[in-house]
Amino acid sequence: MSAVLSVPTLAQAAIGQAHRVKALQAPAHAPEWKQMLEELGFVAGEHVAVLARAMPGADPLVVRIGQSTFALRRAEAACVELEHTSTGGLTAAAGTGPAGTGAAHA
């Protein structure tokens with residue numbers, strides 16, 4: 001029996017795990033965050049991964065979206081709903097990774 005781990009938002013994503021943006025949900029107190037995130041490239045279907053979290057407190061997060069890298073506060077990252085990809089870790093999301101992963105780069 002295998003457990004299926006759900007990662008509903010970018011704020012909860014594991015470091016290095018590849019995902020795709022599913023949707024954006026801005027909080028009522030900051031509806032402008034949705035537009036800001038879209039302008040940064042957080043649009044449905046785009047590859048995204050958490051590269052690092054600040055210590056202590058895990059805030060902000062370093063995230064890769066497409067070919068760009070940003071620092072987001074956890075509250076902003078919580079607006080990004082995710083769907084897991086089956087293509088692997090950072091190789092698929094960031095275009096980088098350890099040698100020998102078999103990832104093709106265009």
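Please treat every number below as a calculation from the coordinates, not as lab data. What you see is a predicted model; the values in this text were computed from it and never measured. As a convention, Cβ positions derive from the backbone with ideal geometry for all residues, glycine included, and neighbour counts pool all protein chains shown.
General remarks:
- Peptides 14-23, 51-60 ranked from most to least packed give 14-23, 51-60, packing being the mean of other C-beta atoms within 10 angstrom over each peptide's residues.
- Contour excess over end-to-end distance, with Cα ends at residue 59 and residue 39 and 0.36 nm allotted per residue: 5.1 nm
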